[in-house]
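Just below is one structure, and these are the notes that go with it.
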Amino acid sequence: MVETTGRAAPGAPAGISARPTEQALEELKASLRKLLATVLERAFGLALEKVETLAQSFDEIAARGGVPLNALLGGVRAGMQGRNPVWGAIKGAFGALSPAVRVAIIVALVLALVLLPVTVVLLLLVLIVAAVWLAVRAASR
């Protein structure tokens, strides 16, 4: 039982009274605040380290994953940023290609654009030849 007088409790070390003083309570509060701050700092530090490790492992997977995985990650990243996920997937897949393949794709696209008028003319020519052939065939029967 705690004594209400200012004397020390039986069995208590000398110099400690049974009733804590305001100064002792303030020291206890300050110590608990420091302890809480330290615990939170360590906990957040550990959580941050785990997140960084996870992000690094995702980067390694993306680096080794090839075109399909990079397309998936590019689409997810674009979707999370509020942009078009299809365009993000295309950019992610294109980023995973080797430089030689990138150059080949660019050359093929440029040639397709340059040769598009020629392709249309050739298609019209094939249609005209087919129409003439069908007309001659129909007339010969």
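When Leu111, Leu125, Leu134, Leu97 are screened for being more than 24 Å from Phe58 (Cβ to Cβ) and modelled with pLDDT under 90, only Leu111 passes. Scanning the range 82-107 for residues that are farther than 17 Å from Leu69 by Cα and either touching a strand residue (DSSP E or B) at 6+ places or on another chain (Cβ under 6 Å) or surrounded by 10 or more Cβ atoms within 10 Å (Cβ to Cβ) (or both) returns Arg83, Asn84, Val101, Arg102, Val103, Ala104, Ile105, Ile106, Val107.
The values are calculated or read from the model by the stated rules, or taken from the named source; none is laboratory data. Computed from a predicted structure; not experimentally measured. A quick note on method: Cβ atoms are made from the backbone with ideal geometry, for glycine too, and the neighbour counts reach across all protein chains shown.
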